[in-house]
Amino acid sequence: MLTIYRTPNDPLAMLPVMQPVTDMQKGDWINLIDPTPEEIHTVSKRTGIAEEFIRYPLDEEELSRVETEDGQILIIVDVPVITESAVTYETAPLGIALNDEYIVTVSLEDLELYRNFAGGRIKSAATYKKTRLILQILQMQTNIYLKSLRDINRRYEALEIRLRQSMNNDDLNGLLNLQKSLVYFTTSLRSNDKVMEKLFRTRTIKMYEEDRDLLDDVIIENKQAIEMADIYTTILKNSMDALASISNNNLAQVMNFLTVITLMVAVPTFITSFFGMNLPIPFATAPQMTLTVLAGCIITMMLCYYALRHMNKPR
């Protein structure tokens, strides 16, 4: 899908709003979502940006990096994506390619940050301010990471409450999905941090002092997201270990109970089997022999229970 955005460069306008347009001209923002080969060729021909720069972000395994060639710049970062089932978070590459006249963004998914810019929520965003727009995109995707991490924490707390009451496979699978999401986030955030640090250290894109301050804020927020992801990952890992220990302890208690029952039943079974053999046994013909054997079985079971309870008491 090809969408073109333009901010009117009108000095009389107090706060120009970014709007979608149908034609393409210098200073526009061209957004490509899972583009066709024809759209890639058209955008490359009109903007002068190499087709390779447009195709790179369409690889799901593409690494975050900054690349320059013949006056063109490609910035690739990973951004959060919610799966269709809304069970796990994943990350997908977002490519930002630009030259002196155009800025082109490329992704396989319709990302949340697009709707924030196109909906006019970012009032200061302008397509003719390419450097500022790139930094605002980076800031927006970092804010989405922070928002998603807080959502993961809320979902974890809800699952923890349910698991404390009753442990079931659905909630355990939910914890595994959250742990999987945090692995994606941690890896992607660290890669993005290297990209932003490189943009800050080098002169890859032209930045004014205000732009460098904005990039510094984005780097700080990204590091905050990394810390949050690390903390939540540690908490979740410790919780999974604790749940595994609780499960093993519960299993041990059940097995201990079954062992006690088995031993209690085994001794009376031996006694009744002995007296049930077709052999001459002393006192076998006594009138009260049946009650005597039954009483002996009950007493033996009580003694076994007492002995096993005494063995299991902590010392």
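For segment 55-77, the set of residues classified as farther than 23 Å from Thr202 by Cβ and not basic (Lys, Arg) consists of Leu58, Asp59, Glu60, Glu61, listed by residue number.
If the requirement is being crowded, with 16+ Cβ neighbours inside 10 Å and not in a strand (DSSP E or B), which of these qualifies: Pro80, Pro93, Pro35? Residue meeting the stated conditions: Pro35. Restricting attention to segment 147-171 and to residues that are of a type in the set (A, V, I, L, M, F, W, C) and buried (at least 16 other Cβ atoms within 10 Å of the Cβ), the residue that is modelled with the highest pLDDT turns out to be Leu149. So which residues in segment 194-205 are crowded, with 18+ Cβ neighbours inside 10 Å and either assigned to a helix (DSSP H, G or I) or out of contact with any helix residue (DSSP H, G or I) (no Cβ under 9 Å at 6 or more places or on another chain) (or both), if there are any at all? Correct list: Val195, Met196, Leu199.
Against the test of being within 15 Å of Asp78 (Cβ to Cβ), of a type in the set (Val, Ile, Thr), buried (at least 18 other Cβ atoms within 10 Å of the Cβ) and at pLDDT 80 or above, the options Ile103, Ile137 yield a single qualifying residue, Ile137. The set of residues in segment 47-77 being more than 18 Å from Leu182 (Cβ to Cβ) and assigned to a loop (DSSP other than H, G, I, E, B) consists of Gly48, Ile49, Ala50, Asp59, Glu60, Glu61, Glu62, Leu63, Asp70, Gly71.
State all residues of segment 1-33 that are out of contact with any strand residue (DSSP E or B) (no Cβ under 8 Å at 6 or more places or on another chain) and modelled with pLDDT of 75 or more; if no residue qualifies, say none. Break it down stepwise before answering.
Looking only at segment 1-33, we keep the residues that are out of contact with any strand residue (DSSP E or B) (no Cβ under 8 Å at 6 or more places or on another chain), and these are 9-17, 26.
Listed by number, the list holds a single entry, Lys26.
Per this entry, Leu159 is not counted among residues that are in the same structural domain as Val81 (by TED's automatic domain parsing) and either touching a residue at least 40 places away in the same chain (Cβ under 8 Å) or within 29 Å of Lys129 (Cα to Cα) (or both).
One residue alone among Thr272, Thr233 is assigned by TED's automatic domain parsing to the domain that holds Asn143 and among the β-branched types (Val, Ile, Thr), and that residue is Thr233.
Is it the case that some residue within segment 50-58 is surrounded by 22 or more Cβ atoms within 10 Å (Cβ to Cβ), under 29 Å from Pro8 (Cα atoms) and not aliphatic (A, V, I, L, M)? Don't jump to the end; show me each part of the working.
Here is the first cut: in segment 50-58, the ones surrounded by 22 or more Cβ atoms within 10 Å (Cβ to Cβ) are 53-54, 57.
Subset that is under 29 Å from Pro8 (Cα atoms): 53-54, 57.
Right, trim to not aliphatic (A, V, I, L, M) and you get 53, 57.
Scanning segment 50-58, I find at least one residue that is surrounded by 22 or more Cβ atoms within 10 Å (Cβ to Cβ), under 29 Å from Pro8 (Cα atoms) and not aliphatic (A, V, I, L, M), so the answer is yes.
Here Leu279 fulfils each of the conditions (1) among the aliphatic types (A, V, I, L, M); (2) outside any loop (DSSP other than H, G, I, E, B); (3) at pLDDT below 75 apart from (2).
Taken over segment 23-45, residues that are free of Cβ contacts under 8 Å to residues at least 24 places away in the same chain and either over 25 Å from Ser124 (Cβ atoms) or of a type in the set (D, E, K, R) (or both) amount to 8. Answer yes or no: is there a residue in segment 201-221 that is within 30 Å of Thr131 (Cβ to Cβ), in contact with an Asp or Glu (Cβ under 7 Å, 6 or more places away or on another chain), among the aliphatic types (A, V, I, L, M) and assigned by TED's automatic domain parsing to the domain that holds Leu243. Checking segment 201-221: at least one residue is within 30 Å of Thr131 (Cβ to Cβ), in contact with an Asp or Glu (Cβ under 7 Å, 6 or more places away or on another chain), among the aliphatic types (A, V, I, L, M) and assigned by TED's automatic domain parsing to the domain that holds Leu243. Counting residues in segment 237-253 that are more than 19 Å from Arg164 (Cα to Cα) and either of a type outside the set (Gly, Ala, Ser) or touching a strand residue (DSSP E or B) at 6+ places or on another chain (Cβ under 8 Å) (or both) gives zero.
The values are calculated or read from the model by the stated rules, or taken from the named source; none is laboratory data. For clarity, every value in this text was computed on a predicted model and none was experimentally measured. Reconstructed Cβ throughout: ideal geometry from the backbone, glycine too, with neighbour counts over all protein chains shown.
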